[in-house]
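Values quoted throughout were computed directly from the atomic coordinates according to the rules given, and no laboratory measurement underlies them. Everything numeric in this text was worked out from a predicted model, so none of it was measured. Note that each Cβ is placed from the backbone with ideal geometry, even for glycine, and that neighbours are counted across all protein chains shown.
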Amino acid sequence: MREGDPGDTFALLIEGQADVTRVVQGRVQHLSSAAAGSILGELAVLSNRPRTATITAQTSALAAIGDRPVLLQLLDHPIVLERMRHLASARLAHDLRPLPVTLPDGTPILLRPLLPEDRRGFDAALHQMSPDSLRRRFFSPGQPSQAMVEYLVDIDFVDHFAWLVLDPAGPGRGLASARYVRDAGDHGTAEVAFGVVDRFQGHGIGTFLLGALGVTAVEAGVRRLVGEVLEDNAPMRAVFAKAGGVSSYAEPGVIHTEIDAGAAASLLDAGLRQELRIATHDIVTAASLALTAPGPTDARD
Ligand SMILES: CC(C)(COP(=O)(O)OP(=O)(O)OC[C@H]1O[C@@H](n2cnc3c(N)ncnc32)[C@H](O)[C@@H]1OP(=O)(O)O)[C@@H](O)C(=O)NCCC(=O)NCCS
């Protein structure tokens with residue numbers, strides 16, 4: 001499969017290995033390796049767009065090839081559909097190039113979705129946070145458990161979405177992240193959480209990230225963001241207040257705040273909102289890609 005070609009077929013890799021590459025600024029970039037059991041090329045088939053990567057077999061390989069009617073038939077199976085929704089979002093998130101943003105105080109940052117393979121960098125950023133910041137973030141001092149870190153990078157982009165802020169001076173270096181996790185019983189509500197490494201706090205990153213989460217949430221159909229913060233966490237409460245958050249005590253010492261996702265998005269100027277909306281639309285709506293793709297009888301390719 002070649003980048004740029006029309007995507008009229010997908011492949012199920014049954015045996016062997018394949019490399020997934022893309023040309024970035026004239027150079028071939030290795031994106032991932034696919035092993036037996038992988039589905040390849042399905043996004044282009046579903047979205048009717050040219051292929052966004054090249055797939056090359058690295059060993060002798062056996063693959064089953066199908067066209068759109070076959071893919072849509074497979075998607076009738078609820079388990080396949082569920083897996084595909086998450087896979088599609090994850091692939092689109094990988095595809096997104098970091099977005100350069102200048103904060104109101106002139107600080108340049110890069111923004112992209114947090115990916116499961118960011119685990120090490122994420123852990124390194126946690127180690128740059130002071131005990132007090134960790135206490136405010138996790139409600140207990142010290143580093144979170146490894147199981148917690150696993151959970152925090154186990155992003156599915158549908159129910160659990162996170163933005164990562166990178167330092168343009170060292171693009172591998174994470175400075176902050178913010179996430180929402182959708183309420184299992186109410187898909188229109190999601191809980192948010194933030195973490196900014198200490199030396200970058202107070203530059204507007206928290207405010208920016210609440211705005212970015214708001215944009216993504218609206219795209220994903222989340223209307224209400226909720227957050228639980230310690231009563232002494234003045235910076236987080238100040239950020240929530242900027243988006244018109246309504247607060248009440250959840251328990252002594254802990255404040256529960258509810259924020260309209262659209263109001264959070266309004267923290268960003270219209271141009272940036274639009275840029276983020278375009279950047280994330282496909283990721284957060286990949287869940288419905290399979291559902292909105294034309295049926296087999298409409299397929300013309
Ligand atoms: C809370 C946190 C995410 C905020 O991020 P940030 O990048 O520092 O936030 P911003 O710079 O956008 O805004 C902070 C605001 O708090 C205000 N603030 C800071 N200290 C304050 C205080 N003691 N009292 C009142 N307001 C205060 C700042 O003035 C700023 O508002 P302004 O932009 O109107 O001046 C960050 O400080 C952090 O990661 N803290 C540790 C982890 C945490 O608390 N997570 C939240 C729990 S989920």
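Please compute the alpha carbon radius of gyration of the range 154-256, then divide it by the globular-protein estimate 2.2 N^0.38 Å. Two decimals is fine.
Numbers: Rg = 13.9 Å, N = 103, 2.2 N^0.38 = 12.8 Å.
Cα Rg divided by the expected 2.2 N^0.38 Å: 1.08.
Magnitude of the charge dipole for the chain, about its Cα centre and with charges confined to Cβ atoms of Lys, Arg (+1) and Asp, Glu (-1), is about 600 debye. Given +1 at the Cβ of Lys and Arg, -1 at the Cβ of Asp and Glu and no other charges, the dipole of the range 120-273 around its Cα centre is 400 debye to the nearest 20. Net charge in the neighbourhood of SER89 (other residues with Cβ under 12 Å of its Cβ; Lys, Arg +1, Asp, Glu -1) is -3. Backbone phi angles across the range 127-143, fed through the Karplus curve with coefficients 6.51, -1.76 and 1.60 (θ = phi - 60°), yield HN-Hα couplings of 6, 9, 9, 6, x, 5, 5, 5, 4, 5, 6, 10, 6, 7, x, x, 5 Hz in residue order; Gly and Pro are listed as x. Considering only SER38, ALA176, THR9, the residue lying farthest towards the positive end of the dipole of the chain is ALA176, judged by Cα position with unit charges set on Cβ.
In a simple Cβ point-charge model (Lys, Arg +1; Asp, Glu -1; nothing else charged), the range 9-160 has a dipole of about 400 debye relative to its Cα centre. Among GLY271, GLY26, GLY41, the residue with the largest mean-square fluctuation in a Gaussian network model of the chain, with springs joining Cα atoms closer than 10 Å, is GLY26.
The equivalent ellipsoid that matches the C-alpha gyration tensor of the range 99-286 spans semi-axes of 21, 20, 17 angstrom, in descending order.
Secondary-structure-derived ellipticity at 222 nm for the chain, considering helices only, amounts to -11000 deg cm²/dmol, per-run term -39500 (n - 2.57) for DSSP H runs with n ≥ 4.
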